[in-house]
Every structure is written in C-alpha cells, then in structure tokens.
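Peer 1: This is the structure I want to talk about, given as structure tokens.
The values are calculated or read from the model by the stated rules, or taken from the named source; none is laboratory data. Being a predicted model, the structure only gives us computed values, none of them experimental. Cβ sites come from the backbone with ideal geometry, for glycine too, and all protein chains shown count toward neighbours. What goes into the accessible areas is simple: the full protein's heavy atoms, side chains included, and nothing from ligands, DNA or RNA. Shrake-Rupley method; radii C 1.70, N 1.55, O 1.52, S 1.80 Å.
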Amino acid sequence: MSDKDHFVEIRHAQKSYGSLEVLKDISLNVERGQIVAIIGPSGSGKSTLLRAINDLDPLTGGEVWLDGVQVNKSLPHRQYEKHINEMRQQVGMVFQHFNLFPHMTARENVTMAPMLLKGLSKAEADKLAEEQLDKVGMLDRIDYYPSRLSGGQKQRVAIARALAMKPKLMLFDEATSALDPELVDEVNMVMKKLAEEHMTMIIVTHEMDFAASVCDRVLFMDQGVVVEEGPPSVVFKNPTKDRTREFLRKHLAGAA
Amino acid sequence: MDIDLMMRVYPFFLTAAWTTIQLSVLTALLGLAMGALGASARLSRFALVRFIGAAYVSLFRGTPALIQLFILYFGGPQIGIQLDAFEAGVIGLGINAGAYMTETIRGAIISIDKGQREAGRTLGLSQWQATYKIILPQAARLMVRPLGVNLNMLIKATALVAAISVVELTYTAQRYIGSTYKPFEMFLLAGVLYMIIIYATGRAVAWLDRRVQIT
Ligand SMILES: Nc1ncnc2c1ncn2[C@@H]1O[C@H](COP(=O)(O)OP(=O)(O)O)[C@@H](O)[C@H]1O
Ligand SMILES: [Mg+2]
C-alpha cells in the first residue's frame, strides 16, 4: 500500500512560524524497536520536530509516516480529526511538565482514555491501571491526586498513562528536565525498562550520559537542521562537525 | 426610629423578599445558560460565531441594565413582545447577567494550561472529549468564586425591576413609604433583608467552592 519501509519516516519536514523557519527540510527514519535521542541547544527545533510526529504542531511542509500510514495526510476537517485521533492513540507522549490531569487520581489519569476510547469496562481499566502503575513503581500511590506526588512520581504516572493506550511509539520531550536532580534517576529507570522491552522511542534530552547508555542513535540538531547523526559512540566521542563538538564541550563542561 | 411600624409591616416585606429570591434564582439560571452559550460562542472556531458572542457581551455590558429593562418592558409591545413585569424582569436581567457570566466562564476556561488539552489530544481524545473530560471539570472549579461575584451583583440588580413595578423588596419599600412617610425605616428594612439574602448566598458559594476543590 505504501513505499514506506521504515517504521517512522519523516520526509523533508519543514515548519515555519510566519517568517521564522524552525525546521528546515529534516528527514529521519526510525526502525521498529529503535531508540533515538535528539540533542541540541534550546530553540533548535527539537520539540517542534517531536510534536510534528503526532501532529500536535502540524508541519508546513513534508510528510510523517508511521507504520505505513501517513500521519499528516490532507483530508477534510472531520475525516482528518477522526484519522488523527486514531493515529495519536498509537503514539504515547511524555511532556517536560508532566501535564497530568490534576482533577483525577493517578488511577483515573491512566484509565480515562482507555475507557473512553477503547471501551474498556471499569474493572478492565482498573486492572490495566494497576499493571501500568506497578510497572512504573507507583502502585502504592494509585489513588493519590497529582498534587500529592513529587515531580518524579508525576512523570512516572504520566508514562503509565501513555503506556495504557498500548502505543507503538513513545515520544519523550525532556521528560526529566523539570525534575530535581535526585528525582531524575527514577524516571530514567522506567525509560530504561521500556528500552529493554524494545519499545520504539524518540527521546529529546539534555542528559548525554543517559542518551549514550540507552540509545541506538543520536541526532544533533541546531537551528532547524540535523547537523550530525550516528551511534552514540561516534556522536559523543568522535563528532565530525564543529558545531557538535562546540555543543558537547559546553554541555559536558556544564554537567561536570 | 419607629420599631413598632417596622414590626407591623415586616411580614409584607418577607413576602416581597420571597419575590426577590424567586427573581434572583430564575435570573441566575437564565444568566448561567446565556453565559454558557456566550462563552461557547466566544471560544468557537468560527469567526462569525465568535463575533456574535463578543457583540452580545459588549452590547449588554455597555449599556445600563435599566435601559435594557425599559426597552424590553415598555418598548417590547411596540415590536410584538408582550411580557408581564415579572417575566420582563427575569428575561431582561438574565440576559444582562449572562453577558457578565460569559466573560467569567470564558476566563476560567482559557486559564487552564494548554498542556492539559494537549495531553488529552495526545492520548487520542477528540477536541470535544478533551473539553468535557479535561478542560470543563477543571474550569468549573475555578468558576465557582467569580460566578459567586456575578450572583452577588445580580441579586442587587433585581432592585432595578422596581422601576417596571415588579412587587419585590425595593418596590414594596417605596410603596410603604407612600403610606407611612418613613423612608428611613422602610429602606432599612429592605436593606437588611437584601443583606440576609446576599450573606446566605455568599456562604453557600464559599461552601460549594470548598467542596469542589481537590485536596
Ligand atoms: N507557537 C510558536 N510560535 C512562534 N514560534 C515558535 C512557536 N513554538 C516554537 N517556536 C519557535 O521555534 C523554535 C524552536 O522551538 P522548539 O522546537 O521548542 O525548540 P527546542 O525544543 O529545541 O528548544 C524556537 O525559536 C521557538 O521560539
Ligand atoms: Mg523543547
């Protein structure tokens, strides 16, 4: 049905806000089970690229394909809404600021979408919530409201909420950037666990060590272009581009 | 101060206060309905609908409520709208209150972090599902207090319908002044009753506000 051989395929992605070109002809393929890290300075377009994958920030040019289906195909409004809601159910997204629903307990955060969209019964959804919250180590807080959870705990619930939709692909946009340093590890552990289960993931991060330890591939973005990409051993240890070296020098120095 | 006189007439004032309460309740209900409609219009994705919502708000907040009542009650028959005074009072004040409530409801909705809707849409919820599962439940909690302020204003505004001779508290006070020549006592009595109604309403709003907050 399509000539797209890759699990995720971004072709000539272009995005402008007025005269500001934020993404400049980016192409990227991700295979099933791969884990790709996107690094780069603030404002380089990392979030925009990630959010284009589930059409949260629609591209102004180019195509996004997921598992043989074009995500951003052009359809009349109504049909497009139906299509995009189906696509988004297959893509989990985790935000820097968690975006948990504050009026729902951890359990309700996890069960809401599966009950509403997949028609799970209350009992089925509860079982699912228990599984997913157990997986992220939050079963003991299942009936807590987000206001009573730490940042790391909130982010773990947010991951469980995304996983409950059984996504094919997980997107992480600086999932640990808003956390106190001592809470970063508990979230990284959960992401590592997903990596071991061969979840396909695209991870925007500032944590070079973490990226190096879990990712198959690293993309360095700057000013709307992919400057350099390759396995972490190459990008982190022997980058070929000056801009990459410059960025890593600042960043690793800052971290040390 | 003529306490005896006040004791003698206060049962009639109680009856009038009951009318004020009925007016307030009906006006509040109509106001809420108009406010919900108005806010939906103001937030519509269609420019024309947004314009209609905005026009409604500026028209009814931009002219005196008393003029609106006069146009409806005295001017209405000229264009085929026949209402008795009570009906005109409820409809006139309700539409007026709705303009204020439109802004209250809209304000609460747009103050919800946009990440909330995004998180819902990311899970696959439609625009409408995200609105009623995520945005409205949070906005509703934020609305209670400012709607309470609208309610306070609206109760006080019911005094205006004395001008179209609805027999409520203010009108009753004026009528008894005509026969007793004791404006101080009569207006004081009316004022105290208004205060009781408004105080009780304020307490109820505060109670509701506490109830709906998430701990
Ligand atoms: N809604 C928007 N309107 C205008 N400019 C935007 C908008 N969102 C992002 N930008 C701009 O796009 C650029 C890339 O932003 P972003 O993708 O968030 O970068 P990153 O995630 O790498 O920090 C920045 O210059 C930012 O100011
Ligand atoms: Mg970003």
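Peer 1: Run through every distinct alpha carbon pair of region B:1-103 and return the Kirkwood hydrodynamic radius in angstroms, one decimal place.
Peer 2: Evaluated over region B:1-103, this radius sits at 15.4 Å.
Peer 1: Also: Ignoring ligands, DNA and RNA, what percent of the accessible area of region A:193-243 is carbon or sulfur (1.4 Å)?
Peer 2: Within region A:193-243, the accessible surface is 49 percent carbon and sulfur.
Peer 1: Evaluate peptide A:141-150: per residue, the Cβ atoms of other protein chains within 10 Å of its Cβ; return the mean as an integer.
Peer 2: Per-residue shielding by partner chains comes out at 1.
Peer 1: Here's another thing I want to ask about it. For B:112-122, what's the mean count of beta carbons from other chains sitting within 10 Å of each residue's beta carbon?
Peer 2: If you average over the peptide's residues, the count of other-chain Cβ atoms is 6.
Peer 1: Determine the sum of side-chain charges near residue B:8: Lys and Arg each +1, Asp and Glu each -1, restricted to other residues whose C-beta is under 15 angstrom from that of residue B:8.
Peer 2: -1
Peer 1: Per the helix-only calculation at 222 nm, which mean residue ellipticity applies to chain B, given -39500 (n - 2.57) for every DSSP H run of n ≥ 4 and division by its residues, nearest 500 deg cm²/dmol?
Peer 2: -26000 deg cm²/dmol
Peer 1: Starting from the Cα gyration tensor of region B:136-200, multiply each eigenvalue by 5, take the square root, and state the resulting semi-axes largest first in whole Å.
Peer 2: 32, 12, 6
Peer 1: Give the shape of chain A as rounded, prolate or oblate, defined through the alpha-carbon gyration tensor: a ≥ b ≥ c are the square roots of its eigenvalues, a/c under 1.5 means rounded, and otherwise the shape is prolate if a/b is larger than b/c and oblate if not.
Peer 2: oblate
Peer 1: Please compute the Kirkwood hydrodynamic radius over region A:36-86, one decimal place, Å, based on all pairs of different Cα atoms.
Peer 2: 12.1 Å
Peer 1: Local charge sum around residue A:242 (other residues, Cβ-Cβ under 15 Å, Lys/Arg +1, Asp/Glu -1)?
Peer 2: My count for the surroundings of residue A:242 gives +2.
Peer 1: Right, here's the next one. Would you mind checking which residues have amide H under 5 Å from residue A:217's amide H? H placed 1.01 Å from N; only 5 or more apart, or other chain.
Peer 2: When sequence neighbours closer than 5 places are left aside, the close amide H contacts are A:35, A:37.
Peer 1: Skipping prolines and chain starts, which residues have an amide H placed within reach, meaning under 5 Å, of the one on residue A:94, given they are 5 or more residues away or on another chain?
Peer 2: A:171, A:172, A:173
Peer 1: Follow-up. Sum -39500 (n - 2.57) across every DSSP H segment of at least 4 residues in chain A, then divide by the residue count to get the 222 nm mean residue ellipticity, nearest 500.
Peer 2: My calculation for chain A gives -12500 deg cm²/dmol from helical runs alone.
Peer 1: Here's a follow-up. Quick one: accessible area per residue over the protein assembly as shown, 1.4 Å probe, rounded to a whole number of Å²?
Peer 2: Value returned for the protein assembly as shown: 48 Å² of accessible area per residue.
Peer 1: Here's another thing I want to ask about it. Buried by at least 20 Å² relative to the chain on its own: which residues of region A:89-116 qualify, computing accessible area with a 1.4 Å probe on protein heavy atoms?
Peer 2: Buried-area filter returns A:95, A:99, A:101, A:102, A:103, A:112, A:113, A:116.
Peer 1: Residue A:13's amide H: which non-local residues (gap 5+, or another chain) put their own amide H closer than 5 Å, with H modeled 1.01 Å from N in plane and none for Pro or chain starts?
Peer 2: A:26, A:27, A:63
Peer 1: Take the alpha carbon gyration tensor of region B:3-214, find the square roots of its eigenvalues, order them as a ≥ b ≥ c, and report rounded if a/c is under 1.5; if not, report prolate when a/b exceeds b/c, else oblate.
Peer 2: oblate
Peer 1: Accessible area lost on pairing A with B, both sides, 1.4 Å probe, Å² to nearest 100?
Peer 2: Its buried surface, counting both partners, is about 2000 Å².
Peer 1: Only helices at least 20 Å long along their axis, Cα-based, and averaging 0.0 or more on Kyte-Doolittle count here, so list those DSSP H runs from chain B.
Peer 2: What comes out of the filter, once short or polar helices are dropped, is B:3-42, B:47-61, B:85-110, B:136-157, B:183-212.
Peer 1: If you plug each phi of region A:65-73 into the Karplus form 6.51 cos²θ - 1.76 cosθ + 1.60 with θ = phi - 60°, what whole-Hz ³J(HN,Hα) values come out, in order, with x for Gly and Pro?
Peer 2: 10, 10, 6, x, 10, 6, 6, 9, 6
Peer 1: Quick check: Cα centre of region A:105-133 to Cα centre of region B:135-166, how many Å?
Peer 2: Here the two parts' Cα centres lie 38 Å apart.
Peer 1: At 1.4 Å probe size, with the rest of the protein present, what percent of the exposed accessible area of chain B is carbon and sulfur atoms?
Peer 2: Answer for chain B: carbon and sulfur cover 69 percent of the accessible area.
Peer 1: Need one number for region A:59-119: average projected area of the convex hull over its C-alpha atoms, nm².
Peer 2: 6.0 nm²
Peer 1: Another question about this same structure. Any idea what Rg and Dmax come out to for the protein assembly as shown if you just take the C-alpha atoms, in Å?
Peer 2: In Å, with Rg to one decimal and Dmax whole: 30.1, 100.
Peer 1: Oh, and also: Could you tell me which of rounded, prolate or oblate describes region A:177-256, using a ≥ b ≥ c as the square roots of the eigenvalues of the alpha-carbon gyration tensor, with rounded for a/c under 1.5 and, failing that, prolate when a/b is larger than b/c and oblate otherwise?
Peer 2: Cα axes put region A:177-256 in the oblate bin.
Peer 1: List, in the order given, every pair from A:15/A:193; A:24/A:237; A:15/A:192 whose Cα-Cα distance in the structure shown is over 29 Å.
Peer 2: Violating the 29 Å limit, Cα to Cα: A:15/A:193; A:15/A:192.
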